[in-house]
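Engineer: Below is the structure I would like to discuss, written out as structure tokens.
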Protein chains: 8
Amino acid sequence: MKKVAVIMGSDSDLPVVAGAVRQLKDFGIPFEARVISAHRTPEAAEKFAKSARGNGFGVIIAAAGKAAHLAGVIAAYTTLPVIGLPIKSSTMDGLDSLLSIVQMPSGVPVATVAIGAADNAAILAAQILAVSDEGLAARLNEFKEKMALTVMEKDKKLQSEVDNL
Amino acid sequence: MKKVAVIMGSDSDLPVVAGAVRQLKDFGIPFEARVISAHRTPEAAEKFAKSARGNGFGVIIAAAGKAAHLAGVIAAYTTLPVIGLPIKSSTMDGLDSLLSIVQMPSGVPVATVAIGAADNAAILAAQILAVSDEGLAARLNEFKEKMALTVMEKDKKLQSEVDNL
Amino acid sequence: MKKVAVIMGSDSDLPVVAGAVRQLKDFGIPFEARVISAHRTPEAAEKFAKSARGNGFGVIIAAAGKAAHLAGVIAAYTTLPVIGLPIKSSTMDGLDSLLSIVQMPSGVPVATVAIGAADNAAILAAQILAVSDEGLAARLNEFKEKMALTVMEKDKKLQSEVDNL
Amino acid sequence: MKKVAVIMGSDSDLPVVAGAVRQLKDFGIPFEARVISAHRTPEAAEKFAKSARGNGFGVIIAAAGKAAHLAGVIAAYTTLPVIGLPIKSSTMDGLDSLLSIVQMPSGVPVATVAIGAADNAAILAAQILAVSDEGLAARLNEFKEKMALTVMEKDKKLQSEVDNL
Amino acid sequence: MKKVAVIMGSDSDLPVVAGAVRQLKDFGIPFEARVISAHRTPEAAEKFAKSARGNGFGVIIAAAGKAAHLAGVIAAYTTLPVIGLPIKSSTMDGLDSLLSIVQMPSGVPVATVAIGAADNAAILAAQILAVSDEGLAARLNEFKEKMALTVMEKDKKLQSEVDNL
Amino acid sequence: MKKVAVIMGSDSDLPVVAGAVRQLKDFGIPFEARVISAHRTPEAAEKFAKSARGNGFGVIIAAAGKAAHLAGVIAAYTTLPVIGLPIKSSTMDGLDSLLSIVQMPSGVPVATVAIGAADNAAILAAQILAVSDEGLAARLNEFKEKMALTVMEKDKKLQSEVDNL
Amino acid sequence: MKKVAVIMGSDSDLPVVAGAVRQLKDFGIPFEARVISAHRTPEAAEKFAKSARGNGFGVIIAAAGKAAHLAGVIAAYTTLPVIGLPIKSSTMDGLDSLLSIVQMPSGVPVATVAIGAADNAAILAAQILAVSDEGLAARLNEFKEKMALTVMEKDKKLQSEVDNL
Amino acid sequence: MKKVAVIMGSDSDLPVVAGAVRQLKDFGIPFEARVISAHRTPEAAEKFAKSARGNGFGVIIAAAGKAAHLAGVIAAYTTLPVIGLPIKSSTMDGLDSLLSIVQMPSGVPVATVAIGAADNAAILAAQILAVSDEGLAARLNEFKEKMALTVMEKDKKLQSEVDNL
């Protein structure tokens, strides 16, 4: 199976990005995690992105905050699908990260997920790999069914909680 | 090759969505275009999404405006990657569409592109299919190189334009 | 009397939604509370909405956060009035929920109340039922008068508090 | 059948509000239209709202722009359901109107629809009246089915349009 | 000297509004503080506003949050200058209050100060009364000079603080 | 009677500011209009503001756009009430002007009116002068009554317009 | 004198960026203009930025729109001051460009000017070069004085325009 | 070497501004720190700005919050480059400060950095001085290399942290 790269602009993003790592592990998808900064180690970003397809990666998740250029810079150097994960910083409630990632110009898309939605970044990566991997598609279906069951169980438990209000 | 579905919430979105259609044609990617409304024909949305993988689709592009639920509703019924294309309506400058599409809850991602960026939706679809299709990956590389050449040509022409300012 | 449905997208919304439940109890309005997710249990949403009128419901309150599609998905399947209650999530201060709920396209309205205003969702539901229920209309008048009295009492107490500043 | 009141803060709102009037006519719902300003004729607002239920109204639609207080002022004086219709003015793209209408304090809800969504205000009014009016509920069902048919027809026509792109 | 009215929509606003009360006391300006709600006690608002000029008031400060209609409702019933003080609520960071107060339609202005700026509301009230009161104008000049002196003293102390960084 | 100063940051603001000039003329209030820029002629701003009270001004209206500092700079040098009029520029829909004017720090208020609301700036100036001028207060009352009459006339005419929709 | 680089992400930005070019010509500052895209010609961006100081540049102006990464990418590869000029695109009114440029992470600043303020980008470049160039500093002083004179002339002409309103 | 001025509108800004002071010390750049308020000590601002170039300053950093006029007021009186540092206040998450600083009108730029990015303000000041100071340029290069090394070290450590998730 192709690997997923999980790149973050700063190791301070790890508490959020961890959600993606755990989800990839749950799906049994091979991955590599990296700290690469579009602004502080731009050559590492370039080098990584240029060789990513050749190195066996199928999807790249790029997480960054504020003027979040990491996903766009990676996307500039590869034709692999790049998933952008906006990280909320201390101001602007993540809106700056979201717009910096999603509003990419014509020709170089970034597949953007919700602010801080690390698990969804991993699920989207799995969905992309599952286009040509029936086993993974089956695991995604199980995951979806489990989610539904969890909601249905909570639905059943709700009545008694509501009675006590 | 797997097909791409291009779904729009209203036929009034076609002038924007046309950019995706043209780009898919340029890449030689088979596609089907549909008008399906999450709110007016929800059963068509459900039926389409549930059978999409079985019907040979690999990626779904869903374009909608305002409280844009189409991409999310489709994503609720499939594990295929769903690309959300926010359409700008007469108010809010597309921010409502963007947030309604990108801010998906845990478990059900939508791969969101920029407001009105129909060509990028198609390119992202191509990138996703190209993960397991070397021929398409090669076409994406050519596309990227052509874009670079176009910029470089414009760069050369700029000097005389600037001299005349 | 017709029943009110109180649906929430996640049981984590209950601390907010509880305000609606308590208010309905205070008014003596029969209700049922459910956890139904537009994205994780879409078929439950469809089934509930399609049979709601037949099952004796008169109004549906739908509470959700982020890209809040629940109210719109319910409204797609029923002609009962649907009240949308935006829940504030960890980013965007509820603006994403509000816009995802209120900016519904032509033909399928959602009656949206303020972000987190669970009590107002219940009062609006009562007002809707009271259009054809004079007893409930009388209870709403009493509620309104009590609110006024409470403000007037606080107005009287204010002077001494202000003197001590 | 109870009447619907359609109140606008200024006659300059009529081009937008006309959509509500036409929709009410289509449904055969009796209505009265008024120009009443929360700020310029506050006593007319008070007088209208206080006597609305007694005068045979079942629902009030209040349309206003900018610091749109009309719906809230009407709601202060009645327990009828009040539908707020935000009108986009020359600045702020309707966000000021939307927030001024929807963010009502505890105890006094306004059922807010999308910015400029006059038809949806009327449909919501019809849904409210239809809670206890099976004939109107049937007309709403027909309306919903017609909408679906229109979308399905557009879906059929789309293919040829797309082929020509 | 004419009195200043300090009206708040809810007694929960008092911790913020207290800043206005203290400032008025410091200036020796007579005032009355009231809890009056535009939505819960609209008749009290009307009665207060209509008789304010006759009752010896020169300026009215109106503080409210969310869809803050209080200042506008008061301004509808009087030609006295009304100062609007937006209160930040639990969502939207005060933007809803600000826009609901400042974006008044043509003909009925509200003199709006910064979100939560209770002291500035009081200073503005003092400035308005001082237009025709030379003694108060002199006190405002002293206040302005004291503010300048405080800044200058802090400027002097800064150097040592900076040296220790 | 004290004079009103109408200051604009650029003569390009005159088409908007003209509304204030006309309103002041209608009220028969003496005024002087000036082009003074906080950034290009800061010394003129300082000189004007410092001598404004002595030169017979009672209120200052300051209109500016973008990072609109004019009102704040004037307010720094005078204890007269300063009315800030935000002008919408080519971007940001006036939000930048509004926030730059209204969010003044503690100690130096600016009485802000709606974006582009030049007539309201003049009416507010009149209200301020009328605190100690009964003749002007009477004219303001007449103005308010005329506004109400205009709305009531439009209310009467509405019915036939609505019938024709 | 060191040169100024004027880089734009697309030749479609030239109508705005022309204002910077003209201003640099007026100041007699040598410059070079380039079309370089952070996303389409990233290697040209890297090459340009790495060699800019050695090639005699003192300041770099980078203009871009939407998810505007150009200024940040250039700043990643040089220690020259980089001036970011946000270009307004068809949606979001330039807010996306502004936040993508100004919200740079710790360590890599971009000196951001107002949305579309090409002349100010050039003036800021001139101010930076003038720190060590007294001749240019003198020309900036003249420029500032001329601006003041222009405002003062408009101030004189205003009176007659106002009389005719 | 020319000095850098670090001006803040209030001593309450020092905890943020300290980051700029420390960074300047690290670079060995001479500086002076001041508390000067555009609104409370406007004459100090004028006096400082007019004499800054003559007093040996090369760059001015101006930090302020809310309706942050300090940078603009300083820039009005000098042709030195002025760096604006927006400080986040208790509401609006710094957006008011950012827009008040960055959206300067034509002719008077302010070089704006990210909200609260004190270190970047200092680095930008260093970059400006380094245009004509090769020693400082070398120190900036070392700083940039150290940043890269820090990121690379964190990249190496990441693997084990990720394994433990």
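The values are calculated or read from the model by the stated rules, or taken from the named source; none is laboratory data. In this text, all values refer to a predicted model and were calculated from it rather than measured experimentally. Backbone-built Cβ (ideal geometry, glycine too); neighbour counts: all protein chains shown. The protein model used for the area step is the full one, side chains on, heavy atoms only, and it has no ligands, DNA or RNA in it. Shrake-Rupley method; radii C 1.70, N 1.55, O 1.52, S 1.80 Å.
Engineer: If ligands, DNA and RNA are left out, what is the accessible area of A:Lys47 with a 1.4 Å probe, given in Å² to the nearest 10?
Structural biologist: A:Lys47 exposes around 150 Å² with every protein chain in place.
Engineer: Continuing with the same structure: Describe numerically, in nm with one decimal, the distance between label points set 7 Å from Cα along Cα→Cβ at F:Ser90 and at E:Ser90.
Structural biologist: Taking the two extended label points, one gets 4.4 nm.
Engineer: From the phi angles alone, apply the Karplus equation (6.51, -1.76, 1.60; θ = phi - 60°) to segment G:151-164 and give each ³J(HN,Hα) in whole Hz, x where the residue is Gly or Pro.
Structural biologist: These are the phi-based 3J(HN,Hα) values: 4, 5, 5, 5, 4, 5, 6, 4, 3, 5, 4, 5, 4, 7 Hz.
Engineer: What does the buried accessible surface come to for A and B, summed over both chains, with the probe at 1.4 Å? Round to 100 Å².
Structural biologist: Approximately 3300 Å², summed over both chains.
Engineer: Quick one: plug the Kirkwood hydrodynamic radius of chain H (C-alpha pairs) into Stokes-Einstein at 10 °C, 1.306 mPa s, and report D in µm²/s.
Structural biologist: It comes out at roughly 96 µm²/s.
Engineer: About the Cα centre, and with charges only on the beta carbon of Lys, Arg (+1) and Asp, Glu (-1), how big is the dipole of segment H:30-113? Nearest 20 debye, please.
Structural biologist: About 140 debye.
Engineer: Quick check: Cα centre of segment H:35-110 to Cα centre of segment B:1-32, how many Å?
Structural biologist: 50 Å
Engineer: Report the Stokes-Einstein translational diffusion coefficient (µm² s⁻¹, integer) for the protein assembly as shown, Rh taken as the Kirkwood radius over Cα pairs, at 10 °C with viscosity 1.306 mPa s.
Structural biologist: 50 µm²/s
Engineer: A further question on this structure: Could you check which residue among G:Ala76, G:Ala122, G:Ala64 shows the biggest mean-square fluctuation in a GNM of chain G with a 10 Å Cα cutoff?
Structural biologist: Per the Cα network of chain G with a 10 Å cutoff, G:Ala76 tops the list.
Engineer: Assign unit charges at the C-beta atoms only (+1 for Lys and Arg, -1 for Asp and Glu), then state the dipole size of the protein assembly as shown relative to its Cα centre in Debye, rounded to the nearest 20.
Structural biologist: 0 debye
Engineer: How long are the semi-axes of the ellipsoid equivalent to segment A:22-120, from square roots of 5 times the Cα gyration tensor eigenvalues, in whole Å, largest first?
Structural biologist: Those come to 20, 17, 12 Å.
Engineer: Less than 12 Å apart at the alpha-carbon level, and either on another chain or at least 8 residues along: which aspartates and glutamates does that give for C:Lys3?
Structural biologist: Output for C:Lys3: C:Glu32.
Engineer: A further question on this structure: List the residues of segment H:1-23 for which accessible area in the full set of protein chains is at least 40 Å² lower than for the chain on its own; 1.4 Å probe, protein heavy atoms only.
Structural biologist: H:Asp11, H:Leu14
Engineer: Probe 1.4 Å, all protein chains in place: accessible area of F:Asp93 in Å², nearest 10?
Structural biologist: 40 Å²
Engineer: With a Förster radius of 56 Å, plug the Cβ-Cβ distance of D:Lys50 and A:Ser51 into 1/(1 + (r/R0)^6) and report the FRET value to the nearest 0.05.
Structural biologist: The value I calculate is 0.15.
Engineer: Report, in debye and to the nearest 20, how large the dipole of segment E:10-165 comes out about its Cα centre when Lys and Arg carry +1 and Asp and Glu carry -1 on their Cβ.
Structural biologist: 320 debye
Engineer: May I ask you to derive the FRET efficiency for D:Lys157 and B:Ala138 from their Cβ-Cβ distance with R0 = 35 Å, giving the value to the nearest 0.05?
Structural biologist: So the FRET efficiency works out to roughly 0.45.
Engineer: Per residue of segment B:20-36, what does 6.51 cos²θ - 1.76 cosθ + 1.60 with θ = phi - 60° give for ³J(HN,Hα)? Whole Hz please, x for Gly and Pro, Karplus curve as stated.
Structural biologist: The phi angles translate into 6, 4, 4, 5, 5, 4, 4, 7, x, 9, x, 8, 10, 10, 9, 9, 9 Hz.
Engineer: Out of F:Gly72, F:Gly56, F:Ile123, whose Cα points farthest toward the positive end of the dipole of segment F:3-132 (charges: +1 Lys, Arg; -1 Asp, Glu; placed on Cβ)?
Structural biologist: So the residue we want is F:Gly56.
Engineer: Holding the Cα-Cα limit at 21 Å, pick out from D:Lys47/E:Lys88; G:Lys154/H:Lys66; C:Lys47/D:Lys144 the pairs that are longer than that.
Structural biologist: The answer is D:Lys47/E:Lys88; G:Lys154/H:Lys66.
Engineer: Of the DSSP beta bridges with both residues in the protein assembly as shown, give the percent that are antiparallel, rounding to the nearest 5.
Structural biologist: Close to 5 percent.
Engineer: What value, in deg cm²/dmol to 500, does the helix sum -39500 (n - 2.57) over DSSP H runs of n ≥ 4 give at 222 nm once divided by the residues of the protein assembly as shown?
Structural biologist: Roughly -16000 deg cm²/dmol at 222 nm, from the helical runs in the protein assembly as shown.
Engineer: Using amide H atoms built 1.01 Å from N in the peptide plane, name the residues 5+ places from F:Ala63, or on other chains, whose amide H lies under 5 Å from its own.
Structural biologist: Correct list: F:Ile7, F:Met8, F:Gly9, F:Leu85.
Engineer: Then there is this: Taking K and R as +1 and D and E as -1, what net charge do the other residues with C-beta under 14 Å from the C-beta of A:Val21 add up to?
Structural biologist: Every neighbour counted, the sum reads -3.
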